[in-house]
Amino acid sequence: MRHVFQAFVDQLIESTDLDDLRLGMAETAAALDLSCFAYLVLPSRPGAPPLLISTYPSSWTSHYVEQQYHRFDPVIIQSVRRDKAFEWGLGLGPEAHSEPARQLFEEAARFGIRCGFTVPIHESGVAIAAVTFAANERAAAFGRSVRRHARILPFMATVFHAHAERKLRARDQIDGVSLSRREIECLNWAAQGKSSWEIGRIMGISHHTVAYHLDNARTKLGVRSRIQAVARFVAAGRKT
């Protein structure tokens, strides 16, 4: 166990991006007989999508984010209410008290996500993220695996969150200048040739708000025009 955990920490330290972090957690979860994991960062504002790093089927995670399932996912609701790790699944708490929540559990099961063990991440008493280890197994079998590693999983989740948070902060910087997520997103679309009107339609905001974010980015980067701001963005290797 010590060898597995040390290898996990080494991978996180040596990681260069979020994909490296994902691979490190995936390999460690597999070594502990836990088939998949998900790290979800709760959105900081209403209507914004959560950040999700996981080895769940991409068809499920895309659907989950698009439908904003985190708003009534009983696992996320439980993570907000408590700071202790817990098991969940059909027949386990937290139970689905609403029809949408029950349907979510049943839908997730069709993608092979039948039961899990979730570690809430709280800072200053506020829930900000959750790390879940899940499996397509009977709850009893999965429970035995979780209990075998119950002391190490919360620590793994906390260490993973710390490294992910550091990578996310770095991702929101250009040449050492910190930009907001909205500013980064507007620059990204502008780098792809989109007009302020088009960016507004894509992001669901007005073109005036897009202009506001681009001007803020321009000022922070210390350049005179939006074109120069976009050029700095692209030169930093940020275009996606």
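At a glance:
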| quantity | calculated |
| --- | --- |
| Whether the chain is rounded, prolate or oblate, judged on the alpha carbon gyration tensor where a/c under 1.5 counts as rounded | prolate |
| Extension gain from Ala235 to Glu99, taking 0.36 nm per residue of separation minus the Cα-Cα distance | 44.1 nm |
| Fraction of accessible area attributable to carbon and sulfur, segment 135-240 (%, probe 1.4 Å) | 52 |
| Efficiency of FRET from Cβ geometry, Thr16 and Val177, R₀ 22 Å, rounded to 0.05 | 0.65 |
| The chain - accessible surface per residue (Å², probe 1.4 Å) | 53 |
| Most mobile listed residue (His207, His70, His161) in the chain, GNM with C-alpha springs under 10 Å | His207 |
| Extended-chain gain in nm, criterion 0.36 nm per residue less alpha-carbon gap, Ala7 and Ile205 | 66.9 nm |
| For segment 124-191: rounded, prolate or oblate by the Cα gyration tensor [a/c cutoff 1.5] | prolate |
| Prolate/oblate/rounded call for segment 184-240, Cα gyration tensor, a/c under 1.5 rounded | oblate |
| Computed helical MRE - 222 nm, the chain, DSSP H runs ≥ 4 contributing -39500 (n - 2.57), nearest 500 | -16500 deg cm²/dmol |
| Calculated from backbone phi, Karplus (6.51, -1.76, 1.60) coupling profile of segment 204-218 in Hz, x at Gly/Pro | x, 10, 6, 5, 5, 5, 4, 4, 4, 5, 5, 5, 4, 5, 4 |
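The values are calculated or read from the model by the stated rules, or taken from the named source; none is laboratory data. As the structure is a computational prediction, the values presented were derived from the model and not from experiment. Heads up, the Cβs are rebuilt from the backbone with ideal geometry, glycines too, and the neighbour counts pull from every protein chain shown. To get the accessible areas, we keep the full protein, side chains included, count just its heavy atoms, and leave off ligands, DNA and RNA. Shrake-Rupley method; radii C 1.70, N 1.55, O 1.52, S 1.80 Å.
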